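Before any comments, here is the structure.
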Amino acid sequence: MKASIGWLLFAILIFPGLFFTGVLGLIVGWLDRKVSARVQYRVGPPFSQNFNDFFKLLGKETIIVRNGIHSLFVIAPLVALGSTVLIATLVGITLFQWLGVANDFGDLIVIMYLMMVFSVMVILGGSASGNVYSSLGAGREIKLLLADELAFILVCLVAVIKAGYTFRLDAILATQQAQGMFIASPSGAIAFIVGLLCLQAKMTLPPFHISEAETEIVEGPLMEYSGPLLGFWKLSQAMLWVALPFLLIALFLGGFTVEGYGILWSLLKYVGIVVVMILIKNTNPRIRIDTALHFFWKILTPLAFLATILAVLGV
Amino acid sequence: MGWYKRRLAKSLWVFHVSGSPCNNCDIEILDLLTPKYDVERFGIKLVGSVRHADVLLVTGVFNQKIAPRIKRIYEQAPKPIFVVAIGTCTSGTCCFKDSYNIVPDREAVIPIDVYVPGCPPKPEAMIEAVAKLIGVLNG
Ligand code: SF4
C-alpha cells in the first residue's frame, strides 16, 4: 500500500502523531512525577494529574508581554509543538511497521533537523518575551545545544555506519532485525549510553536543566508564557518523553515487536529507558553551563567518536 | 464551566507573594511541599513565575510600600486567579497593628478569597484552606 494524503493526516494527527504521542506523553509525565515523588518518600500526584494541568492551562488567560516581539512569542510554541509531532510521527511510523504501509519516511537527517528546530524555537520564544531571565535562559539553551549536538550526531552516525551507511530509519531497523540489536556490540553500547545522556540534555532534564533552572532563572524561556501557549510548551515537552526514547529504541534496541510476548519485551525497553532517565534526573543536581560544556566536549564527544571509529572497524 | 472548574480544582499552581512578613509564614508554606504533607497529592505545585500561577499565597501585612507591588503582581497573573492570605498578619495585622504605615483596607488592594489565621498557621490549616477553595470550585 502506498501512503495517501488521508493516511498521512491520520498518521500525523492520530497515530502515531499528535493524539497518541500526546496521551502517552502526558501519562509518562505522570510516571516521571510519581517516580520522583517515591524517590523523595512522597506520595505523588494522581494518575490524571498531567491531563488536568494541560486542560487547566487551555482555559487560562494568555498574557502577551508588551515589550516583546508578539508574533514570534506566539508562533514559537506552535512550531515547537509541530516539530515534536513530526518527530513522533516519523519515528513512530517506522517503529510500528504493522501499519502496513511502505514507509520510506524515516530519514535520520530530517529527524535531527526537527530536533534542532525544537531547540531553536525554545531559544526564539525565550528571547521574544522581552524578559531578562528568559533571554538568559535562551542564551543557556544555545550553549547547551552547541554542547550536546555534536555528540548526538556522532551517536546517530554509529547506527548509520553499522547499518551499512544508510540514513533511513527503516533500513537501520531491518539490519538490526537481521543481525541483532546494535547495543550488543561494544560500539553500539558506548553510543547508546552517550545517546541516553544526550537525550537528557535535549529534553533539558536535570542535571542539564540549566536553561530552565526554576530556582535560579524561573523556568527561563517559559517564564513569560501563560495559558494555552504554556500548555503547548508543556505538551511538546511531554511528547519528547515519547519521541526521543522511541528514536533511541529504533537506533540501538532493535525497535518494537508486537507478536506474543514481544509486546512485553517492547514495553520493557521503553519503560526501562524512561525509568533510567527519571532516576538520573532525580539523583543529580544541576550543573553549571561550563561543566556541561566540559562534560559533553571533553568526555562524551570523544567517547562517541571512539564508538564511531569502532563502528567503522566493524566492532 | 463546571467541567473546567473541576479541572482547575485538581491542578492549582501556587505562587508565593511575600508581602512584608516576619518570614515565618513563608517557612511554614515550604513545609507543605515536604514529604510529610506533600500537597502534590492534590495537584498543587509551587511555581516560580507568576504567569503560571492559579493561586497567590500572600503573607505579611500590607504596608504603604508593599501594597502597590502586591497589586501589580496580582495584575500580572493570568485570570482566573485566587488569593489565599496566609497568617494573622494578613487577616488582622498581628503584632504590627500599631504600625504607622499599614494600609487600612487590604481588600481594596487585591480581592482575597480565603484567610488562614495563625501566627504562623499550621500546615494543616493551610491545607484545609486550600481544600475549602477546592470545595468552592467543585460547587
Ligand atoms: S502571621 Fe506571624 S508568623 Fe506569619 S508573617 Fe505575620 S508575624 Fe510572622
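The values are calculated or read from the model by the stated rules, or taken from the named source; none is laboratory data. All of these numbers come straight from a predicted model, not from anything done at the bench. Positions of Cβ are backbone-derived with ideal geometry, glycine not excepted, and every protein chain shown enters the neighbour counts. Heavy atoms of the whole protein, side chains included, go into the accessibility calculation; ligands, DNA and RNA do not. Shrake-Rupley method; radii C 1.70, N 1.55, O 1.52, S 1.80 Å.
Being closer than 18 Å to B:Pro121 by Cβ, away from the ligand (no atom under 16 Å from the Cβ) and more than 9 Å from chain A (Cβ to nearest Cβ) is a property that does not hold for B:Val61. Here B:Pro78 fits the description: open to solvent by less than 50 Å² (accessible area, probe 1.4 Å) and either hydrophobic (A, V, I, L, M, F, W, C) or within 14 Å of another protein chain (Cβ to nearest Cβ) (or both). Among the residues here, A:Tyr165 qualifies as at pLDDT below 85 and aromatic (Phe, Trp, Tyr). Just wondering, is there one or more residues in region B:13-20 that are away from the ligand (no atom under 12 Å from the Cβ), open to solvent by 20 Å² or more (accessible area, probe 1.4 Å) and modelled with pLDDT of 85 or more? The answer is yes, given that some residue of region B:13-20 is away from the ligand (no atom under 12 Å from the Cβ), open to solvent by 20 Å² or more (accessible area, probe 1.4 Å) and modelled with pLDDT of 85 or more. Region A:213-315 holds helices (runs of 4 or more DSSP H) entirely within its bounds, and those carrying 1 or more residues that are among the hydrophobic types (A, V, I, L, M, F, W, C) and away from chain B (no Cβ under 14 Å) map to A:227-252, A:262-283, A:289-294, A:301-313.
Residues that are without any contact (Cβ under 8 Å) to a residue 40 or more places away in the chain and either within 16 Å of A:Leu248 (Cα to Cα) or of a type outside the set (Phe, Trp, Tyr) (or both) do not occur anywhere in region A:88-109. Looking at A:Gly139, A:Gly125, A:Gly130, just one residue is open to solvent by less than 10 Å² (accessible area, probe 1.4 Å), more than 16 Å from the chain's Cα centre (by Cα) and not aliphatic (A, V, I, L, M), and that residue is A:Gly125.
Considered as a group, the residues in region B:84-135 that are charged (D, E, K, R) and more than 15 Å from the ligand (Cβ to nearest atom) include one that is surrounded by the fewest Cβ atoms within 10 Å (Cβ to Cβ), and that residue is B:Asp105. Being over 24 Å from A:Ala11 (Cβ atoms) and either within 14 Å of another protein chain (Cβ to nearest Cβ) or in a loop (DSSP other than H, G, I, E, B) (or both) is the filter here; which residues of region A:67-93 pass it? A:Asn67, A:Gly68, A:Ile69, A:Phe73, listed by residue number.
Would it be correct to say that A:Phe167 is touching a strand residue (DSSP E or B) at 6+ places or on another chain (Cβ under 7 Å) and either within 26 Å of A:Gly82 (Cβ to Cβ) or open to solvent by 50 Å² or more (accessible area, probe 1.4 Å) (or both)? Yes; evaluated as a whole, the condition is true for this residue.
Within region B:29-58, which residues are within 16 Å of the ligand (Cβ to nearest atom), more than 12 Å from the chain's Cα centre (by Cα) and either under 26 Å from A:Lys60 (Cβ atoms) or crowded, with 17+ Cβ neighbours inside 10 Å (or both)? Those that are within 16 Å of the ligand (Cβ to nearest atom), more than 12 Å from the chain's Cα centre (by Cα) and either under 26 Å from A:Lys60 (Cβ atoms) or crowded, with 17+ Cβ neighbours inside 10 Å (or both): B:Leu30, B:Leu32. Test A:Ile64 against the criterion of being open to solvent by 70 Å² or more (accessible area, probe 1.4 Å), part of a loop (DSSP other than H, G, I, E, B) and more than 25 Å from A:Thr283 (Cα to Cα), and give yes or no. The answer is yes for A:Ile64.
So, of the residues in region A:31-50 that are more than 8 Å from every other protein chain (Cβ to nearest Cβ) and surrounded by 15 or more Cβ atoms within 10 Å (Cβ to Cβ), which turns out to be farthest from A:Asn282 (Cα to Cα)? Result: A:Asn50.
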